[in-house]
Amino acid sequence: MNRTLPVVRLRVPTDEDAVAWHRVFDHPDVMEFHGGRTAELSVYEELTARQRRHDAERGFCLWTLLDEQDRVMGFTGAQPWPWEWGPAGEMEIGWRLGREYWGRGYVTAAARMTLERLRTAGVDGVVAMVDARNRRSIAVAERLGMRRAETFTTPASQRQGHCYRLDL
């Protein structure tokens, strides 16, 4: 099915976005593959601050994802893979969306914008680390033209996942 993607906007996260991310991600379905429960507000405060630093240093980050009415829906963007296991030193594209916005093409539209911004910034490839049971994120990675390159087991949760890759 080839449908028209919605209009989205990406912006560097603000201090206020930490509160918005905390609110829109406060749903068990959203957090199923991210620890299973809502993170504390301080986690999002640190995350938005780190993304502002990434943007200042690299020209990209996990941007706040806004809909047509400028409502915060979540984030989409890229950042360096933060762990010593897996694709250390590589750029990971990622997304997380509030439950009420699922199934409308927002993440695909925003991820495509992210890929264009990364190409402009001179990034030559990205990875997406996806829980093997996360069918929605796997579908997004595939719509972006990413290929499954590796299978991994996360050290902390011992869950199986897939590393998708895309050359830019």
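Observations on the model:
- Take the conditions (1) under 27 Å from H22 (Cβ atoms); (2) buried (at least 17 other Cβ atoms within 10 Å of the Cβ); R133 misses just one of them, which is (2).
- Residue in the range 92-111 that is within 13 Å of the chain's Cα centre (by Cα) and farther than 25 Å from P28 by Cα present: no
- Unique residue being in contact (Cβ under 8 Å) with a residue 60 or more places away in the chain, more than 21 Å from Q160 (Cα to Cα) and in contact with a Phe, Trp or Tyr (Cβ under 9 Å, 6 or more places away or on another chain) when the list is T48, T38, T64, T76: T76
- Residue in the range 30-45 that is over 14 Å from the mean Cα position of the chain (by Cα), closer than 16 Å to T114 by Cα and open to solvent by 60 Å² or more (accessible area, probe 1.4 Å) present: no
- Once the range 93-115 is narrowed to residues that are open to solvent by less than 30 Å² (accessible area, probe 1.4 Å) and of a type outside the set (G, A, S), the residue that is nearest to L168 (Cα to Cα) is L115.
The values are calculated or read from the model by the stated rules, or taken from the named source; none is laboratory data. Just so we're clear, the structure is a prediction, and the values are computed from it rather than from any experiment. Cβ: placed from backbone, ideal geometry, glycine included. Neighbour counts: every protein chain shown. The accessibility values were calculated without ligands, DNA or RNA, using every heavy atom of the protein model including side chains. Shrake-Rupley method; radii C 1.70, N 1.55, O 1.52, S 1.80 Å.
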